[in-house]
Amino acid sequence: MDFLSLFDPSDETQTDDTDETETFSSSDTESIDINAKLPPEPEYGNIEYKLKLINPSKQRLDHLVTQMKWRLQEGSGECFYQIGVSDNGVMNGLSNDDMNLSLKTLKVMVCQLGATMSILKRKHLHNGRTCCEVLVRKMSDTKNIEEIRISVMGSVDAGKSSLIGVLTQGELDNGRGKARLNMFRHFHEIKSGRTSCVSHEVLGFDECGNVINYKYNEMMTAEKIGERSSKLISLMDLAGHRRYMKTTVQAVSGYAPHFIALVVACGNLNQMTIENIQIIKAFKIPFFVILTKCDLVSPDDSGTLKQLIQLLNEVDNKKIPLVITATDNFRLLDNVNGNKYIPIFCVSNVTGVGLDLVQKYLYMLTPNINEGERQRLEKESPEFHIDEIFRVQGVGTIIGGLLVKGLIYERMKVKCGPGPNGEFYKGQIKSIHRNKFPCKNIRPNQSASICLALNSKEKLPILRSGMVLIADNDDSEMSSVFFQATIAVIQHSSLRGIKKGFQTTVHMGSIRQTAVVEGIFGRDSLKSNETGSCLFRFLIRPEFVKVGMSLLFRDGKTKGVGVVTQIFPLHDD
């Protein structure tokens, strides 16, 4: 199947106003053993089991609609319905007539909420009955579209930029790097064919799963894609060369991606791949693997697939590597047991093999945060971590970053800092953009660009990555030079280990600065695979640090992770 036509509006797996008996095609069905069973229905989350939905009463229908609304809230606008399945997970199935009546009832529920439904799979049981898996999506009433951030990591020449180019442009690569040209931002990148900085591309889907980027056969700007999409995948192309490792680590730490796509070229499983996996595990970010260049080297014949599975098992034996060969495998990757597996896709950017599965998987991904947690974060005082700074002539200072908690809105009075001496400067938010589209406010775990006007009469500091925006009435100006953290050394280049006076680059969110170990509590040194508590001192300037922040430190081949346990704020004399 051509991956460009996977989500074509004429696809028979999408529901429309025709009779549901014409909804399915033979390619979207599978045969299931009569004793097959799913995990029990989760009490929370965006998955709902229904044995049947046939001619419900008005009261029953209102209850079902309320239930669907709650499931959509749990899934940030997306939920999955398993029709013909009882609450304990037993797949009883329905006859064709009962299934069609149940789907019609489901469509009535969907229409009442202004949502859409897409039939993902029809499952035939050996007793002649069928079960049906349906994806329900509710378009956002505003342009605060739920965005999923995915960082694309991998060693040099793995095909990361080409993969993003093919997925977002809809044209296959010519085998000589044509698809990656739009990803590059500098001439030396075009000349060498290697990414040296972070570049962003968006992949937009409409409510039925059609890719917006090339749906209308026209050149689509990021603004138009954001305007027409109901779901956005923000793809961040990261550098793979060891020379630019600090930029890659900073992007993973600062942008806080929801997922990481680890790209590995068939026949080229090298040391950089191992280091990338170590970084992913250190930040505890869910990830999946994409094996590229399968048209040149078979993953099985080269032994790459076997070596990769063995490596993943050694890094984390609690998760099972799962090679995705068909859409049937997606039923194992739902929100109930999806965290048990590490999906592996085998693709070719030249022939298009496997790209349809990657595209459909991206469409099914949802942020791993429930509505209760989101509401709790919204009630807290705002905290926006600055990662990028731009100065636009005629507009002013533009800062880009991530809102960790709270709400930020236009005309809001804020403070920005810390400055060179730990001070904060007052200002006001002039405008907000998300995905290059204007919006009135931003919510927790959303990235945005903010036009900031500082109103201090004194000489203003140079804004930098690592600063934060907090509310004007927030007294938690936690500027610190010293902090204590419990750390675990993943790898050290020598047998001496970490001692007092050790200097290392520390990453905490958007913070990146050299810090010195001033002391190790209860011991003289920390070696590989050892854990201890250390006192750190920032070498250059104070930073906004809070208890509980995760950190990663690195110095050459030395790597470690930790958690801040105590801070020592600066005080005015």
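The values are calculated or read from the model by the stated rules, or taken from the named source; none is laboratory data. As the structure is a computational prediction, the values presented were derived from the model and not from experiment. FYI the Cβ positions are ideal-geometry reconstructions off the backbone, even for glycines, and counts take in every protein chain you see. These accessible areas exclude ligands, DNA and RNA; they are computed on the full protein's heavy atoms, side chains included. Shrake-Rupley method; radii C 1.70, N 1.55, O 1.52, S 1.80 Å.
A few points about this structure:
- Taken together, the residues in segment 544-573 that are in a strand (DSSP E or B), within 23 Å of I490 (Cβ to Cβ), open to solvent by less than 30 Å² (accessible area, probe 1.4 Å) and not hydroxyl-bearing (S, T, Y) amount to 7.
- Taking the numbered list (1) open to solvent by less than 40 Å² (accessible area, probe 1.4 Å); (2) within 27 Å of the chain's Cα centre (by Cα); (3) of a type outside the set (S, T, Y) in turn, I520 passes all entries but (2).
- Summed over segment 78-114, the residues that are touching a residue at least 40 places away in the same chain (Cβ under 8 Å), of a type in the set (G, A, S) and buried (at least 20 other Cβ atoms within 10 Å of the Cβ) give a count of 2.
- Any hit, segment 463-476, residues being closer than 30 Å to K224 by Cβ and in a strand (DSSP E or B): yes
- Segment 397-440, subset of a type in the set (S, T, N, Q) and touching a residue at least 24 places away in the same chain (Cβ under 8 Å), residue farthest from L452 (Cα to Cα): N421
- Residues in segment 68-86 that are under 16 Å from K50 (Cα atoms) and within 27 Å of the chain's Cα centre (by Cα): 9 in all.
- Which numbered condition K436 fails, given (1) within 23 Å of S253 (Cβ to Cβ); (2) in contact with a helix residue (DSSP H, G or I) (Cβ under 9 Å, 6 or more places away or on another chain); (3) open to solvent by 60 Å² or more (accessible area, probe 1.4 Å): (1)
- Restricted to strands (runs of 3 or more DSSP E) entirely inside segment 302-396, those with at least 3 residues that are touching a residue at least 60 places away in the same chain (Cβ under 8 Å) and out of contact with any Pro (no Cβ under 8 Å at 6 or more places or on another chain) are 383-392.
- Condition broken by T292, with the remaining ones in (1) over 25 Å from E207 (Cβ atoms); (2) exposed (fewer than 15 other Cβ atoms within 10 Å of the Cβ) satisfied: (2)
- For segment 398-414, a residue qualifies if it is open to solvent by 10 Å² or more (accessible area, probe 1.4 Å), of a type outside the set (A, V, I, L, M, F, W, C) and either within 20 Å of I511 (Cα to Cα) or not in a strand (DSSP E or B) (or both), and the qualifying residues are G401, K405, E410, R411.
- Residues in segment 504-517 that are open to solvent by 10 Å² or more (accessible area, probe 1.4 Å) and touching a residue at least 40 places away in the same chain (Cβ under 8 Å): T505, G509, R512.
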